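Take a look at the structure set out below.
The values are calculated or read from the model by the stated rules, or taken from the named source; none is laboratory data. Values in this document were obtained by computation on a predicted structure and should not be read as measured data. Because the Cβ atoms are built from the backbone with ideal geometry, glycine has one as well, and the counts that use them run over all protein chains shown.
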């Protein structure tokens, strides 16, 4: 990631606005080329953000292993049914993958979960 990447509140990749990064030379033909800037799926971000909360000020790594041992796994995850089901699925997959890489020593990110259904709106007379 270029140091001068500008983060904007658009939800888009900051790489998109960095002309120096976007405009490059094709390694095959030597002609002008553009780099892809949509490099990460939105679900990937929600797969691991909760791990960053364990050591948010660490500037050398995504998380500190000592802090991870203290804070993780989370005791209980609460949320609405639609969000929780998908987020839990992706978070569990990501946690197992980084465990297999040796970055953490647990396989489940949440010890338990409380999923609540949203109640339907009522009308008053």
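Figures for the structure shown
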| read-out | value |
| --- | --- |
| Selection count where residues are surrounded by fewer than 10 Cβ atoms within 10 Å (Cβ to Cβ) and part of a strand (DSSP E or B), scope segment 26-56 | 1 |
| Looking only at segment 98-109, and only at residues there that are out of contact with any helix residue (DSSP H, G or I) (no Cβ under 7 Å at 6 or more places or on another chain) and surrounded by 13 or more Cβ atoms within 10 Å (Cβ to Cβ), the one that is nearest to residue 45 (Cα to Cα) | 98 |
| Failed condition for residue 63, given (1) surrounded by fewer than 16 Cβ atoms within 10 Å (Cβ to Cβ); (2) assigned to a loop (DSSP other than H, G, I, E, B); (3) at pLDDT below 90 | (1) |
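The rows are residues; the columns are (1) in the same structural domain as residue 52 (by TED's automatic domain parsing); (2) under 16 Å from residue 48 (Cβ atoms); (3) modelled with pLDDT of 85 or more.
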| residue | (1), (2), (3) |
| --- | --- |
| 68 | yes, yes, yes |
| 79 | yes, no, no |
| 101 | yes, yes, yes |
| 122 | no, no, no |
